[in-house]
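Below: one structure, written as C-alpha cells.
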Amino acid sequence: MRESTEVMRLADHFRNAPSVFTSSPLYRSLCMSAADDRDLLEILTERRAGQQPSYLLLGAVHYLLLRGVRHRLRDFYPSLVGSAAADPNDAGPVFLDFCRVHRAELRRLVRERLVQTNVVKRSVALKIAMSVIADRCDRPVHLIEVGASAGVHLLFDRYRYVISGRTSGPADADVTIETKWLGSDLPPAYDRCPPIAGRTGVDINPVDVTDPDERLWLRALVWPENQQEADLLSAAFHQLIEYPVDVIAGDAIDICPSLGRRLPPGEPRVVFHAATRMHVPPAQRAEFDSAIDSIGEHGPLFHVWQEPSTAPPRGSGTDVPEALAMHGPDGIDPIPLIQVDGHLEWIAPLTVEVR
C-alpha cells in the first residue's frame, strides 16, 4: 500500500524532532524509533487539528506509565525510576512494543487529548514584559492569556524569581523560578509591574486543576528528565487551587472579540501567549491574529508573545530567531524585548550571540 502524504510528513516530523527535545535524551531516542513505525504514525493522523504530534504521542505514553500501566518501558523513565533509568539509546524496541500492546488506549488519548503544556518558567517572560509595560502605562491593566490551559502564568506576580542570583517577587512565595542570564552585566531588575485589574484565560479546553486526572495529564507533558519543571508545576497547581483564575472555554478566534467588548472601555489590556500560535492550524493563524487585535478596539492593547520562529504572529519579523516580543498601542512595528530559551531556562540580551 502506498504511504499517505500525512504519514510521510509525520515520519519527517519525528526524524527532525530530536532537535527540539534538547534536554531529553530519552525522547530523542524514542522519536527516531517512531519515525520508522508506520502503524504508530497512522494513529497520529487521528489527532485534533493543530496538535503537535511528537508532544502528543510522547505525552500519551508518559501519561499511561504515570497512571500505573506496568511495562518494562518504565525502566527508561527518570520520572518513574530516577537515576536508575536505563540507557535511553536502548529504549526504541521496548517503546514500540509498549505502543503495540497499548494501541487502543493511545488511539483514544490521541483523539481526545490536547497538548496543553504548562511551562511555569515561561512566567519569566510575562514578568519581563510587564516590567516594560509598567514604564509605558501607569494604569491598572486587564491581563488575558490566550492558550492558558490551567492558567499558571496568570498568577505570575505571586511567584518569586531568581535570575542569575538577582531576586524579585514575594520573599515568601510558594513558587520560586530560577533562570540564567547570559549577558555579561547583571540582569535588569524587572521589578516593576502595573496593577492587575483582572485576570482572564482563554483556552479551547480549560484544565480543572482540582481534578487529579487532569493534573496527571499536564504532568505527563513534562519531559521525563525535567523533574524540577514537574515540581514547579505541582507548586503552581497548589497556588491555582488556593487562588482560582477564570479561564473561558472556547476558541480564541471566537472568544477574543466578545471578551474585548466586555472589558471596561478605555482601560488598558495585556494579551500574552506562549507556544500557543504554533498549535493553531496554519490556515487559521490570520484569524487568530485578528481576534487578538480586536481586544484593542475598545482600549489600549499590549500584545506580548513568546512563540517559536516557525509561528510568529503576523508582522513580527525580526532578526532574533527566538525572542520575547511585544506590540504596544502606540507603535507600528512589534519590538523584540529579549532572547529566550523555549522553556525559559535562560534569557539573554538581544545583542548577545547565543548558540
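Filtering region 265-276 to residues that are touching a residue at least 40 places away in the same chain (Cβ under 8 Å) and out of contact with any Leu (no Cβ under 7 Å at 6 or more places or on another chain) leaves E267, P268, H273, A274, A275, T276. Scan region 167-221 for residues that are over 18 Å from W346 (Cα atoms), open to solvent by 50 Å² or more (accessible area, probe 1.4 Å) and either free of Cβ contacts under 8 Å to residues at least 60 places away in the same chain or touching a Phe, Trp or Tyr at 6+ places or on another chain (Cβ under 8 Å) (or both) and the total you get is 10. Looking across region 109-128, the residues that are outside any loop (DSSP other than H, G, I, E, B) and farther than 20 Å from I144 by Cβ come down to L109, V110, R111, E112, K121. Tell me, yes or no, whether region 45-52 has at least one residue that is open to solvent by 10 Å² or more (accessible area, probe 1.4 Å) and farther than 22 Å from E112 by Cα. Scanning region 45-52, I find no residue that is open to solvent by 10 Å² or more (accessible area, probe 1.4 Å) and farther than 22 Å from E112 by Cα, so the answer is no.
Checked against the criterion of being open to solvent by less than 50 Å² (accessible area, probe 1.4 Å), under 28 Å from E145 (Cβ atoms) and assigned to a helix (DSSP H, G or I), the candidates L106, L65, L73, L56 yield just one match: L56. For beta carbons closer than 9 Å, sequence separation of 6+ or different chains, a first residue in region 234-255 that is within 16 Å of H279 (Cα to Cα) and in contact (Cβ under 8 Å) with a residue 40 or more places away in the chain and a second that is among the β-branched types (V, I, T) and in a helix (DSSP H, G or I), the qualifying pairs are A252/I292.
Close contacts from region 300-311, counting a first residue that is under 15 Å from D330 (Cβ atoms) and free of Cβ contacts under 8 Å to residues at least 60 places away in the same chain and a second that is open to solvent by 20 Å² or more (accessible area, probe 1.4 Å) and assigned to a strand (DSSP E or B), with Cβ to Cβ under 7 Å and a gap of 6+ residues or different chains, come to H303/H327. Just checking, does region 154-166 include any residue being assigned to a loop (DSSP other than H, G, I, E, B), of a type in the set (G, A, S) and open to solvent by less than 10 Å² (accessible area, probe 1.4 Å)? No, region 154-166 contains no residue that is assigned to a loop (DSSP other than H, G, I, E, B), of a type in the set (G, A, S) and open to solvent by less than 10 Å² (accessible area, probe 1.4 Å).
Exactly one residue out of R269, R277 is modelled with pLDDT of 95 or more and either in contact with a His (Cβ under 7 Å, 6 or more places away or on another chain) or open to solvent by 10 Å² or more (accessible area, probe 1.4 Å) (or both), and it is R269.
A quick yes/no check of all residues on (1) at pLDDT below 95; (2) among the polar types (S, T, N, Q):
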| residue | (1), (2) |
| --- | --- |
| M1 | yes, no |
| A17 | yes, no |
| S29 | no, yes |
| R48 | yes, no |
| V61 | no, no |
| L64 | no, no |
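The values are calculated or read from the model by the stated rules, or taken from the named source; none is laboratory data. This structure is a prediction, so every number in the text was calculated from the model and none was measured. Please note: Cβ atoms are built from the backbone with ideal geometry, for glycine as well, and neighbour counts cover all protein chains shown. These area figures cover heavy atoms from the full protein model, side chains too; ligands, DNA and RNA do not enter into them. Shrake-Rupley method; radii C 1.70, N 1.55, O 1.52, S 1.80 Å.
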